[in-house]
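See below for the structure under consideration.
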Amino acid sequence: MNNLKNLRGTVDLLPDQLIKWQNVEKIILEQLSRASIKEIRTPILEMTELFIRGIGEATDVVSKEMYTFLDRGERSCTLRPEGTASVARALIQKGISSNPLQKLWYMGPMFRYERPQAGRQRQFHQLGVEFIGYQSVRSDVEIIAIAWDILRKLGIKELNLEINTLGDFDDRLNFQKSFLKWLEMNKDSLDLDSQNRINKNPLRILDSKNIQTKKTLENAPRLFNFLSEKSHQRYSDLKKQLEILQIPYVENYNLVRGLDYYTHTAFEITSGALGSQATVCGGGRYDDLIKQIGGPNTPAIGFAIGLERLILLAGKELEVPRNTDIYIVNQGLIAESLAIDLSRKLRNYDLLVELDLSGASFSKQFKKANKLKSKSIIVIGDNEAANKEFIIRLFDKESFENKEEVISLENDIKLEKWLNINLLVK
Ligand code: ATP
Ligand code: MG
């Protein structure tokens with residue numbers, strides 16, 4: 001019989017690994033809630049058309065990487081490859097005009113059919129932040145600062161922020177004219193994929209990963225030289241404000257990002273500590289997206305962080321599990337049900353309590369408590385049950401002595417006092 005396995009490019013996250021995930025997520029959520037950014041959750045499955053219209057048909061994501069299928073009602077569905085289009089769709093559906101300014105975040109699995117390698121999976125996870133309705137350069141700066149600070153808070157080293165500007169629709173139209181002329185002249189030096197894009201979506205060619213094409217492109221006209229005065233001004237304001245905040249950046253004129261919806265600011269944050277998949281965060285402004293998928297003209301900017309790459313980068317200290325505070329050793333019919341009751345009471349405190357359910361001998365249960373390096377144990381056996389009490393014993397690391405106390409099961413005040421003195425002190 002064949003063994004069943006997970007699909008290629010998907011990963012099981014087991015309890016030991018999830019300690020780090022949970023610690024990372026906790027720090028992220030704290031940062032987001034302190035910045036008054038609210039959570040949004042949208043379906044993982046969407047109509048395929050949303051991504052075709054939102055991300056763009058000629059992008060790698062839509063043309064090669066989507067998980068698309070017909071459901072039983074013959075509707076074309078796609079497992080979301082990214083979060084922005086879904087957020088935009090949800091807000092349009094709800095009616096953006098009733099709430100024109102929103103700061104939102106989402107976190108969850110995304111799906112892209114790619115070649116799996118370190119830091120690249122077919123099901124991966126993103127944290128995304130979207131500022132909807134915000135037009136000013138200051139919103140670009142705040143978005144970048146939030147991404148930057150999350151990465152800094154997680155102790156990630158060798159961070160590198162790259163920025164570029166893609167101008168607005170008209171800037172790109174002007175650029176496209178002369179770029180198209182140049183492409184026709186240099187067609188033979190481009191890879192096949194890029195040649196096919198000349199008529200479909202020439203700007204996509206700038207995102208080519210093909211080495212020969214990249215080299216040829218070095219002599220192509222630059223989008224930067226076709227920006228209007230206003231777009232230039234916007235970009236230099238952005239740089240000025242980043243400097244005031246002391247967020248270091250490098251300009252990268254070739255940074256176009258993999259999705260069609262970006263306008264003006266585009267940015268990426270990489271870390272030298274990652275191998276070839278160095279980009280941990282990608283983002284930018286997408287002033288045309290909401291209109292493009294049927295909503296009112298609404299400016300917006302956002303970013304997405306790849307959580308798998310973040311986990312690879314975050315410090316080892318976030319992998320350390322929390323210590324057990326109390327291990328409840330219990331045996332005997334009455335003792336065992338009293339122990340359940342006591343464990344429920346202990347959950348009113350910020351303590352990590354484990355109730356032994358093995359029914360094994362006392363010595364085996366003590367061994368388990370020892371193995372877990374539990375700070376204390378509670379013992380309830382037949383004698384304790386008969387007296388309606390329990391023994392609580394603290395392993396004092398400094399004196400190597402065990403502090404022990406007998407507490408009545410009804411004396412909640414005495415229990416709380418003991419916990420306060422011995423376990424809850426920071
Ligand atoms: P890349 O150039 O690495 O393919 P991208 O431009 O496709 O990235 P975005 O669509 O901007 O990436 O997504 C934002 C972030 O999500 C990336 O910077 C990366 O950290 C993460 N990411 C994207 N695709 C994957 C994947 N297949 N596996 C793991 N993480 C991914
Ligand atoms: Mg990609």
Residue within region 39-51 that is farther than 20 Å from Tyr286 by Cα and modelled with pLDDT under 95 present: no
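Residues being of a type in the set (Lys, Arg) and under 21 Å from Arg53 (Cα atoms): count how many of those fall in region 82-136.
Going through region 82-136, the residues of a type in the set (Lys, Arg) turn out to be 89, 94, 103, 112, 115, 120, 122.
The next check asks that each one be under 21 Å from Arg53 (Cα atoms); those that pass are 89, 94, 112.
Counting residues in region 82-136 that are of a type in the set (Lys, Arg) and under 21 Å from Arg53 (Cα atoms) gives 3.
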Failed item in (1) open to solvent by less than 70 Å² (accessible area, probe 1.4 Å); (2) within 22 Å of Leu424 (Cα to Cα), with Gly359 passing the rest: (2)
Region 357-392, subset under 38 Å from the mean Cα position of the chain (by Cα) and part of a strand (DSSP E or B), residue farthest from Leu423 (Cα to Cα): Ile377
Residues of region 272-303 classified as more than 11 Å from ligand 1 (Cβ to nearest atom) and either crowded, with 18+ Cβ neighbours inside 10 Å or within 18 Å of Leu259 (Cβ to Cβ) (or both), total: 15
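Specify the residue that is modelled with the lowest pLDDT; the eligible residues are those in region 52-68 that are under 21 Å from Lys209 (Cβ atoms), more than 13 Å from ligand 2 (Cβ to nearest atom) and small (Gly, Ala, Ser).
Going through region 52-68, the residues under 21 Å from Lys209 (Cβ atoms) turn out to be 55-66.
From what is left, the residues that are more than 13 Å from ligand 2 (Cβ to nearest atom) are 56-58.
Next cut, small (Gly, Ala, Ser) only: 56, 58.
Details: Gly56: 89, Ala58: 82.
Here the residue is Ala58.
Condition check ((1) under 29 Å from Tyr67 (Cα atoms); (2) open to solvent by 40 Å² or more (accessible area, probe 1.4 Å); (3) away from ligand 1 (no atom under 16 Å from the Cβ); (4) in contact with a Phe, Trp or Tyr (Cβ under 7 Å, 6 or more places away or on another chain)) across all residues:
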| position | (1), (2), (3), (4) |
| --- | --- |
| Ile144 | no, no, no, yes |
| Lys153 | no, yes, yes, no |
| Asn160 | no, yes, no, no |
| Phe175 | no, no, yes, yes |
| Ser178 | no, no, yes, no |
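Just checking, does region 236-255 include any residue being within 16 Å of ligand 2 (Cβ to nearest atom), of a type outside the set (A, V, I, L, M, F, W, C) and either surrounded by 19 or more Cβ atoms within 10 Å (Cβ to Cβ) or within 27 Å of the chain's Cα centre (by Cα) (or both)? Reasoning before the result, please.
Step one: of region 236-255, the residues within 16 Å of ligand 2 (Cβ to nearest atom) are 254-255.
Next cut, of a type outside the set (A, V, I, L, M, F, W, C) only: 254.
Adding the requirement that they be either surrounded by 19 or more Cβ atoms within 10 Å (Cβ to Cβ) or within 27 Å of the chain's Cα centre (by Cα) (or both) leaves 254.
Scanning region 236-255 turns up at least one residue that is within 16 Å of ligand 2 (Cβ to nearest atom), of a type outside the set (A, V, I, L, M, F, W, C) and either surrounded by 19 or more Cβ atoms within 10 Å (Cβ to Cβ) or within 27 Å of the chain's Cα centre (by Cα) (or both).
Yes or no, residue by residue, for (1) of a type outside the set (S, T, N, Q); (2) modelled with pLDDT under 95; (3) farther than 24 Å from Arg80 by Cβ:
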| site | (1), (2), (3) |
| --- | --- |
| Lys209 | yes, yes, no |
| Arg222 | yes, yes, yes |
| Leu238 | yes, no, yes |
| Glu243 | yes, no, yes |
| Gln246 | no, no, yes |
| Tyr253 | yes, yes, yes |
| Tyr261 | yes, yes, no |
| Gln277 | no, yes, no |
| Arg285 | yes, no, no |
Breaking point among (1) over 29 Å from the mean Cα position of the chain (by Cα); (2) outside any helix (DSSP H, G or I); (3) not aromatic (Phe, Trp, Tyr), for Ala266: (1)
Candidates Glu354, Glu336, Glu308, filtered to the one that is at negative phi, touching a strand residue (DSSP E or B) at 6+ places or on another chain (Cβ under 6 Å) and in a strand (DSSP E or B): Glu354
Which numbered condition Asn348 misses (of (1) free of Cβ contacts under 8 Å to residues at least 12 places away in the same chain; (2) assigned to a loop (DSSP other than H, G, I, E, B); (3) surrounded by 13 or more Cβ atoms within 10 Å (Cβ to Cβ)): (3)
Yes/no for Gly306 being under 16 Å from Leu274 (Cβ atoms), modelled with pLDDT of 95 or more and buried (at least 19 other Cβ atoms within 10 Å of the Cβ): yes
Tyr106 assigned to a loop (DSSP other than H, G, I, E, B) and over 21 Å from Ser276 (Cβ atoms): no
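Please tell me if Leu127 is farther than 25 Å from Met47 by Cα, outside any loop (DSSP other than H, G, I, E, B) and either open to solvent by less than 10 Å² (accessible area, probe 1.4 Å) or within 11 Å of ligand 1 (Cβ to nearest atom) (or both).
Numbers: farther than 25 Å from Met47 by Cα: no; outside any loop (DSSP other than H, G, I, E, B): yes; either open to solvent by less than 10 Å² (accessible area, probe 1.4 Å) or within 11 Å of ligand 1 (Cβ to nearest atom) (or both): yes.
No.
Can you say whether Thr213 is touching a Gly at 6+ places or on another chain (Cβ under 8 Å) and touching a residue at least 12 places away in the same chain (Cβ under 8 Å), as far as the supplied structure shows? Give the derivation first.
Working: touching a Gly at 6+ places or on another chain (Cβ under 8 Å): no; touching a residue at least 12 places away in the same chain (Cβ under 8 Å): yes.
For Thr213, the condition - touching a Gly at 6+ places or on another chain (Cβ under 8 Å) and touching a residue at least 12 places away in the same chain (Cβ under 8 Å) - is not met.
Restricting to region 102-118, what's the tally of residues that are within 16 Å of ligand 2 (Cβ to nearest atom) and surrounded by fewer than 20 Cβ atoms within 10 Å (Cβ to Cβ)? Please lay out each step first, then the result.
The first filter runs over region 102-118 and keeps only residues within 16 Å of ligand 2 (Cβ to nearest atom), leaving 109-118.
Those left that are additionally surrounded by fewer than 20 Cβ atoms within 10 Å (Cβ to Cβ): 109, 113-118.
Looking only at that region, the number is 7.
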Residue list for region 47-65, restricted to those being within 13 Å of ligand 1 (Cβ to nearest atom) and either among the charged types (D, E, K, R) or within 23 Å of the chain's Cα centre (by Cα) (or both): Phe51, Gly54, Ile55, Thr59, Asp60, Val61, Val62, Lys64, Glu65
Answer from Lys367, Lys373 - the residue that is open to solvent by 70 Å² or more (accessible area, probe 1.4 Å) and within 25 Å of Leu18 (Cβ to Cβ): Lys373
Cβ pairs under 9 Å, 6+ apart, first in region 297-310 and closer than 10 Å to Gly128 by Cβ, second assigned to a loop (DSSP other than H, G, I, E, B) and within 16 Å of ligand 2 (Cβ to nearest atom): Gly302/Gly83; Ala304/Glu82; Ala304/Gly83
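The values are calculated or read from the model by the stated rules, or taken from the named source; none is laboratory data. Source: prediction; values computed, not measured. No Cβ is skipped: glycine too gets one built from the backbone with ideal geometry, and neighbour counts run over all protein chains shown. Each accessible area value is taken on the protein alone, full model and side chains, heavy atoms only, with ligands, DNA and RNA left out. Shrake-Rupley method; radii C 1.70, N 1.55, O 1.52, S 1.80 Å.
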